[in-house]
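One structure is given here, and the rest of the page talks about it.
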Amino acid sequence: MVRTRSDAAALVEAGHVRLNGKRVAASSQLVRLGDVITVALDRSVRVVAVTGFCEKRGSAPAAQALFREMAGHSS
């Protein structure tokens, strides 16, 4: 959803990320399989369900295989 870890941390710090409907207070928040993440971006809101994890960071397409878009989100 964002390019870097620092961009993701900035979204959390600004209060633009929710985990299972609750605002995330720290970028170190534990995420579990099946959790729903809501991210308010510049011009859209993305809601995704976590479907998997990987051992190490990889490409964007590999990361996109680890979540699924939820129906009814605004874009």
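Each value in this text was obtained by applying a stated rule to the coordinates, not by laboratory testing. Keep in mind that what you see is a predicted model, and the values were worked out from it rather than measured. So basically every Cβ, Gly included, is an ideal-geometry build from the backbone, and we count neighbours across all protein chains shown.
Details
- Residue exposure sequence - Lys56, Lys22 - by fewest surrounding Cβ within 10 Å: Lys56, Lys22
- Over the chain, relative contact order from alpha-carbon pairs under 8 Å, at least 6 apart, %: 22
- Long-range amide H partners of Val24 with built H, under 5 Å: Val17, Arg18, Leu19
- Share of pairwise Cα separations in segment 5-69, more than 21 Å, in percent: 19
- Across segment 56-68, rounded Karplus estimates of 3J(HN,Hα) from the backbone phi angles (6.51 cos²θ - 1.76 cosθ + 1.60, θ = phi - 60°) give 9, 4, x, 6, 4, x, 5, 5, 5, 6, 9, 8, 10 Hz, Gly and Pro being marked x.
- Sites listed here are GluC sites (Glu not before Pro) in the chain whose DSSP assignment is loop and whose Cβ has at most 13 other Cβ atoms within 10 Å: Glu55.
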